[in-house]
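Step one of this worksheet: look at the structure below.
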């Protein structure tokens, strides 16, 4: 076994057991949306949401970074199997949202304005049950709407 | 919830302290001490914290944030010489550390009037160097 911070032997195992780490998986999806409050005038929506309120909708290449926290498993040296993370993110987020018009095809965005903030909260809600165990917890959802704009959400 | 938007600006500076000898300036700042100055394509990342508005679903309206950063930051530093044309530096050497504190202070002052809170300011000097301050660290 390789020395762990210069310590070899049984002590290295104890140290690695205690090591809490963050791990981030990134996925992409492309969706269209329109940001507007139903019941507001077109002018008001245009004023608040700008071009995001275009009545015909528009799209983004969203980039989602999901950060998990947990302890490094003594045997595998992993916090979590990244294959499983990928499967969950694909099932809960990418497949339902990729190449969809969020307002019409992805609840709750028929009721809730699909701003980056609200999409991040919905993603958190969808994936939280899968990363809420003793060994791994959901730490942060970061959603890039464009290269220049992102939101970070930690569940509160 | 936090929201981060980034904005580019190009500016020049020279790192030189009048408190140090020529030799010491050269030792400390190296090629950044070039008497003619030099420039960077900076990015400033502004992070705003708050609860998304119940109606609009936004932490802050994008147009308002763009306007605020445009008026308070980009108009001050875009295509400027930071040694000569940013009076708020108040004699500080325009390292990007100092620039980050000064610009964060300017922004934080303006944010006092909005419901959203300024949480963090990060400046990228090049793609390899970045500097950040959380507004809790700022002295008013």
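Could we say that residue A:44 is in a helix (DSSP H, G or I), over 26 Å from residue A:22 (Cβ atoms) and modelled with pLDDT of 95 or more here? Before the answer, list the steps.
On the way: in a helix (DSSP H, G or I): yes; over 26 Å from residue A:22 (Cβ atoms): yes; modelled with pLDDT of 95 or more: yes.
When the stated conditions are applied, residue A:44 passes them.
Screening residue B:119 against (1) in a helix (DSSP H, G or I); (2) more than 11 Å from the chain's Cα centre (by Cα); (3) farther than 19 Å from residue B:40 by Cβ leaves a single unmet condition, (1).
Yes/no matrix, rows are residues, columns are (1) at pLDDT 95 or above; (2) within 25 Å of residue B:86 (Cβ to Cβ); (3) assigned to a loop (DSSP other than H, G, I, E, B):
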{"site": "B:5", "(1), (2), (3)": "yes, yes, no"}
{"site": "B:19", "(1), (2), (3)": "no, yes, yes"}
{"site": "B:30", "(1), (2), (3)": "no, yes, no"}
{"site": "B:39", "(1), (2), (3)": "no, yes, no"}
{"site": "B:45", "(1), (2), (3)": "yes, yes, no"}
{"site": "B:51", "(1), (2), (3)": "no, no, yes"}
{"site": "B:63", "(1), (2), (3)": "no, no, no"}
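Using the structure shown, decide if residue B:17 is away from chain A (no Cβ under 13 Å) and touching a strand residue (DSSP E or B) at 6+ places or on another chain (Cβ under 9 Å). So residue B:17 does not fit the description; no.
In region A:27-41, of all residues being part of a loop (DSSP other than H, G, I, E, B) and buried (at least 20 other Cβ atoms within 10 Å of the Cβ), the one that is nearest to the other protein chains (Cβ to nearest Cβ) corresponds to A:35.
May I ask you to say which residue of B:121, B:48, B:59 is touching a helix residue (DSSP H, G or I) at 6+ places or on another chain (Cβ under 9 Å), buried (at least 18 other Cβ atoms within 10 Å of the Cβ) and under 20 Å from residue B:10 (Cβ atoms)? Of the residues listed, the single one that is touching a helix residue (DSSP H, G or I) at 6+ places or on another chain (Cβ under 9 Å), buried (at least 18 other Cβ atoms within 10 Å of the Cβ) and under 20 Å from residue B:10 (Cβ atoms) is B:121. Any residue at all in region B:76-87 that's within 14 Å of the chain's Cα centre (by Cα), buried (at least 20 other Cβ atoms within 10 Å of the Cβ) and assigned to a helix (DSSP H, G or I)? Yes, there is a match, as at least one residue in region B:76-87 is within 14 Å of the chain's Cα centre (by Cα), buried (at least 20 other Cβ atoms within 10 Å of the Cβ) and assigned to a helix (DSSP H, G or I).
Filtering region A:48-61 down to residues that are surrounded by fewer than 20 Cβ atoms within 10 Å (Cβ to Cβ) and not in a loop (DSSP other than H, G, I, E, B), which residue is nearest to the other protein chains (Cβ to nearest Cβ)? Explain how you work it out, then say what you get.
Initial filter on region A:48-61 (surrounded by fewer than 20 Cβ atoms within 10 Å (Cβ to Cβ)): A:50-51, A:54-61.
Now narrow it down to the ones that are not in a loop (DSSP other than H, G, I, E, B): A:50-51, A:58-61.
On the way: A:50: 5, A:51: 9, A:58: 14, A:59: 17, A:60: 13, A:61: 16 Å.
Per the stated criteria, the residue is A:50.
Within region B:62-71, which residues are surrounded by 18 or more Cβ atoms within 10 Å (Cβ to Cβ) and more than 9 Å from chain A (Cβ to nearest Cβ)? Please lay out each step first, then the result.
So the first thing to find is which residues in region B:62-71 are surrounded by 18 or more Cβ atoms within 10 Å (Cβ to Cβ), and the list is B:62, B:65, B:68-69.
Answer for region B:62-71, where residues must be surrounded by 18 or more Cβ atoms within 10 Å (Cβ to Cβ) and more than 9 Å from chain A (Cβ to nearest Cβ): B:65, B:68, B:69.
Checked against (1) under 16 Å from the mean Cα position of the chain (by Cα); (2) at positive phi; (3) within 14 Å of chain A (Cβ to nearest Cβ), residue B:57 passes all but condition (1). When the test is whether a residue is more than 21 Å from residue B:2 (Cα to Cα) and touching a residue at least 60 places away in the same chain (Cβ under 8 Å), residue A:136 passes it. The helices (runs of 4 or more DSSP H) located wholly in region A:62-156 that include 1 or more residues which are within 14 Å of chain B (Cβ to nearest Cβ) and either out of contact with any strand residue (DSSP E or B) (no Cβ under 7 Å at 6 or more places or on another chain) or crowded, with 17+ Cβ neighbours inside 10 Å (or both) occupy A:102-105, A:116-127.
The values are calculated or read from the model by the stated rules, or taken from the named source; none is laboratory data. Everything quoted here is computed from the prediction, not taken from an experiment. Because the Cβ atoms are built from the backbone with ideal geometry, glycine has one as well, and the counts that use them run over all protein chains shown.
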